[in-house]
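S.K.: Next up is a structure, given as structure tokens.
A short reminder: the numbers here are calculations on the coordinates, not readings from a lab. Keep in mind the model is a prediction, meaning the values are calculated, not measured. So basically every Cβ, Gly included, is an ideal-geometry build from the backbone, and we count neighbours across all protein chains shown.
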Amino acid sequence: MSMTARADSAIPAESASPLTRRRPFGDRSFQVLCLAAGLLVLIILALIAISMTQQSATWFTTEGWSGVFSTDWDPAHNAFGALPFIYGTLVTAAIAIIIAFPVSIGISLLLTEVVPRRFARPIVYVIDLLAVVPSVVWGLWGILVLAPWLQGIYQSIASGLNGVPVLSTFFGGQGVSGASFFTAGLILAVMITPIVTSLSREVIATVPAIDREGAYALGATRWEMIRGAVWPHSQAGVVGAVLLGLGRAMGETIAAALVIGSSATITTHLFNPGYSMPAVIANEFGEATVGVFRAALIGMGVLLFVITIIINLSARAIVDRSARRSRGA
Amino acid sequence: MMAIASEQQTVDLREPSGWRRTKNQLATVGMWIAFVVMLVPLGFVLFTVISKGASAISWQFLTGSIPVNVLPVTYGGVGPAVYGTLVITGFASLMAIPLGILGGIYINEYGGNHLLARVINFFADVMTGVPSIIMGLFIFTIWVLHFGYSGLAGSFALACLMLPIVIRSTYEMLRLVPNSLREASYALGATKARVTLTVTLPAAIGGIVSGALLAVARAAGETAPLVFTILVTQTINKNLFSGPNTALSTLIFQNATQPYTGAQARAWGSALTLIAIAFILMIVARLVTARFARYDH
Amino acid sequence: MEQQEQKVTAKLEVPQTTTAPVSPATEANKIFDAKNVSIYYGSFRAVTDVSIAIYQNEITAFIGPSGCGKTTVLRTLNRMNDLIPSARVEGEVHYRGASLYDKAVSPTAVRRRIGMVFQKPNPFPKSIFENVAYGPRINGIRKKSQLEEIVERSLRQAALWDEVKDRLNKSGLGLSGGQAQRLCIARTLAVEPDVVLMDEPCSALDPIATGRIEDLMQEIKSQYTIVIVTHNMQQATRVSDRTAFYSVLRNEKPGASDTRTGVLVEYGATQQIFEDPHDSRTQAYVTGRIG
């Protein structure tokens, strides 16, 4: 088979069988390179799980399951119960999400339903600005500015609520401090607001316009339209966004480490100092040079890793399922 | 009262009844309150950082060596920390950005519907939610325990943080490139690698670069991954690869709990510097997106 | 043969074909030779049992109703169907005597010889110059002077040079539809292919732009072999030497879903297809009763 090249062709004439050429080496190696880069994700995640579990093994073997989850944390006396920190992590994250949820939903609804498009842009920029402030700066401001200011407020509230049945268990008590569960929860709320807001906006934006128009056509007010048309569609997605915010709140380390009060106690008094898993790891790791102490801190890291992965998986699953359903609807 | 009188009926065209209207107004007010609630801490923190930090900033501050905590802010500066942040974050970006882009290319261009590609995509997403402290602990167990503290270890930890972010944003941008461009390139006899590198990637480059810049901004501000890997020190360490190092974020973390006003002032100045760096990166990212936005459909 | 029998009573005005009578169909002239080609997407049979030969320096038109597989067959000729993972080709396709789907054949090399222009103009988001220079560049041509020469020649061939010669550095995205399509044609011609495949190149364009491209096709016919898929029967009569009429083989089983498998109904000189169609389906289509 021959292929006559044009007489005036600038493109070099080919060899005898020009149609047959093996796949160029460069093409194949590029594909391999890309694949390797992708695999890196799986490799790193696997290594994280393996190496950290390995390093924390002595904690589990020394303390046993009961020890690991006991409330007794006293490194000086070889007690490494993690319950106070698990408690603190859950409590601060809960406070964060309770505060952040209505605020985030409010802002996303504001952006999607109320504000005209050209004003939405600057508001989104402001939210991004909120997101770009580093965790450590929030912590710095928290401990040097917010906590001292809140201390006085906490004290007034606590003394004011003296004797009030339910409220005083949460907001009363002695020993209130500016650096406390509540302050940490507050700062975490500010930090997770941008992500919950942007995810909720994405979800709300997938609500089809015809549903909105249908509600309006029935004479609904905007709020009624939101409740009737937007909410049912975006419910699951918003739940997913909230879960992701929760995961973020649990993992935020430095801000919590600075303002939580560094006291490994379990108490319902939210204005009292407390501790959380990431906070204790960050604060005490320097001191934990060997042995079970360090293993305990790394072990709490493993717990944190597992918890946040589970939360992320569930969040993605919920968001995907709702997106699929609304697309098919 | 607006009413249209026909034979016997009148139609009331006023606003809906009081309670419905009130609920609607309350809801709208509530949304605006939410917005203000978000603005308050942001404004407060920016105001504090700027007012307390601006007075500290000077060329000497940004380059001078770190004095003992007792000394006021007029002595020395945070030079080593600035250097550390730039170098550690820079090296981390050097590793994470190319690998992240290649990973994103794999998922979108080569992965197709294969299970492996979907698994990688899924776990890259999961990995973006892993707390940064885990990355720090991870590199500690896998590197520091064997090779000691160093800026390099810090870079590894930051790179682990940045990698999934860059992968995801690259993937999202590549998805937006219309298939007709790829087809045109194939039809001219280009191999897949060529198509990807000469047509697909350039078409998406604006969004990819902007996503990468945002990842860098995030990494520059991170503290937890560094706390476990660089063993914060006070003196400048020009050697990234061995010996403890320091960074702006870790310096702020340390000085936040110091009682001395000098140390605290240095923390505020560093905070302002950090925010400025992150802010500049964010603005450049926006400019890049706007410059290349002509291609978005 | 000049038989002008009126086989059909009600007949749409079919314009006289203006192209010269085709050259004799010989083996030496055959560029493509497809035998019993069936194309599958997964288990769906898109096209069945197509046998057709394309001859050198002719313009061959594929016509037929939507969904009858014309584009699928076209894309088989330059192995573009390879890009769809579930696509499968059975039968034989020979290009200048060599089997196109042989295991040893590189699709990349195939596409350097058999170019394609698409339905919707798809210029790269690069400058006009870079769009046209893209093909030569990947063929190894680096010297600026050579590239400039190729770009100018290709743009002239595509009848676009005069309009863009002063703004070669501007983006290709800024051109009008007709200009963009001519840019894509210039881009294809720049690699000096042997064959140019065109998939409804004018369907997104206005009549004036369409006319310019049709003139272009006539001008470059002597150097290239062209296969064009078109919905526009008038276009087929205006430009093509041979026409292939495809249609849909309906699945007659009651209750079965309407699986539209494409089939080649009739193939011959354009004049014959339109003035003296042999198959009743062809007749029905070209006189406007169906399609």
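S.K.: With a Förster radius of 56 Å, plug the Cβ-Cβ distance of A:Ile50 and C:Ser145 into 1/(1 + (r/R0)^6) and report the FRET value to the nearest 0.05.
M.R.: In this case the efficiency is close to 0.40.
S.K.: For Cα pairs less than 8 Å apart in space and 6+ apart in sequence, what is the mean separation divided by the residue count of the range A:71-328, i.e. the relative contact order in percent?
M.R.: Computed value for the range A:71-328: 28 percent relative contact order.
S.K.: Give me the distance in nm between label points sitting 7 Å out from Cα along the Cα-to-Cβ direction at B:Asn239 and C:Leu83, one decimal.
M.R.: Here the answer is 5.4 nm between the modelled labels.
S.K.: Follow-up. C:Glu27: net charge of surrounding residues, Cβ under 12 Å, Lys/Arg +1, Asp/Glu -1, itself excluded?
M.R.: +1
S.K.: On a straight-distance basis, which aspartates and glutamates could pair with C:Lys144 in a cross-link, Cα separation under 20 angstrom, same-chain partners fewer than 8 positions away excluded?
M.R.: A:Asp8, C:Glu130, C:Glu152, C:Asp166, C:Glu192
S.K.: Now a separate question. Can you list residues from other chains, or at least 5 along the same chain, whose modelled amide H is less than 5 Å from the amide H of C:Glu266?
M.R.: Amide H neighbours of C:Glu266: C:Phe245.
S.K.: Right, next: Determine the relative contact order of chain C: mean sequence separation of Cα pairs under 8 Å and six or more apart, normalised by residue count, in whole percent.
M.R.: About 27 percent, as a whole number.
S.K.: Taking only DSSP H segments of four or more residues, each worth -39500 (n - 2.57), what value at 222 nm results for chain B once the sum is divided by all its residues, to the nearest 500 deg cm²/dmol?
M.R.: Helix-only estimate at 222 nm: -21500 deg cm²/dmol.
S.K.: Relative to the Cα centre, what is the charge dipole magnitude of the range B:143-297, using +1 at the beta carbon of each Lys and Arg, -1 at the beta carbon of each Asp and Glu, and rounding to the nearest 20 debye?
M.R.: In total the dipole reaches around 280 debye.
S.K.: Which of A:Ala288, A:Ala57, A:Ala120 moves the most in a Gaussian network model of chain A with Cα springs under 10 Å?
M.R.: Per the Cα network of chain A with a 10 Å cutoff, A:Ala120 tops the list.
S.K.: Given only helices, namely DSSP H runs of n ≥ 4 each adding -39500 (n - 2.57), what is the per-residue ellipticity at 222 nm of chain A, to the nearest 500 deg cm²/dmol?
M.R.: -23000 deg cm²/dmol
S.K.: What whole-number distance in Å separates the alpha-carbon centres of the range A:218-244 and the range A:53-132?
M.R.: After rounding, the separation between the Cα centres reads 25 Å.
S.K.: HN-Hα J couplings of the range B:103-113 from phi, Karplus 6.51/-1.76/1.60, θ = phi - 60°, integer Hz, Gly and Pro as x?
M.R.: x, x, 4, 4, 4, 8, 9, 9, x, x, 9
S.K.: Divide by every residue of chain C the summed helix terms, -39500 (n - 2.57) for each DSSP H run of at least 4, and state the resulting mean residue ellipticity at 222 nm, rounded to the nearest 500 deg cm²/dmol.
M.R.: Computed ellipticity for chain C at 222 nm equals -9000 deg cm²/dmol.
S.K.: Further question on the same structure: Using a cut-off of 11 Å between beta-carbons, work out the net charge of the residues near C:Asn232 (Lys and Arg +1, Asp and Glu -1, C:Asn232 not included).
M.R.: Net charge around C:Asn232: -1.
S.K.: Which of A:Tyr125, A:Tyr154, A:Tyr275 moves most in a GNM of chain A, Cα contacts under 10 Å?
M.R.: Its mean-square fluctuation being the largest, the pick is A:Tyr125.
S.K.: With only alpha-carbon pairs counted, each pair once and no self-pairs, how large is the Kirkwood hydrodynamic radius of chain B in angstroms?
M.R.: Taking every pair of different Cα atoms in chain B, averaging 1/r and inverting gives 22.6 Å.
S.K.: Let me ask something else about it. Please check: in the Gaussian network model of chain C (C-alpha springs, under 10 Å), which one of C:Pro121, C:Pro207, C:Pro85 has the largest mean-square fluctuation.
M.R.: Result: C:Pro85 has the largest fluctuation of those listed.
S.K.: Which entries of C:Lys126/C:Lys170; B:Lys192/C:Lys103; B:Lys192/C:Lys170; C:Lys70/C:Lys103; C:Lys30/C:Lys221; C:Lys126/C:Lys221 show an alpha-carbon separation above 20 angstrom in the structure shown?
M.R.: Violating the 20 Å Cα-Cα cut-off are B:Lys192/C:Lys170; C:Lys70/C:Lys103; C:Lys126/C:Lys221.
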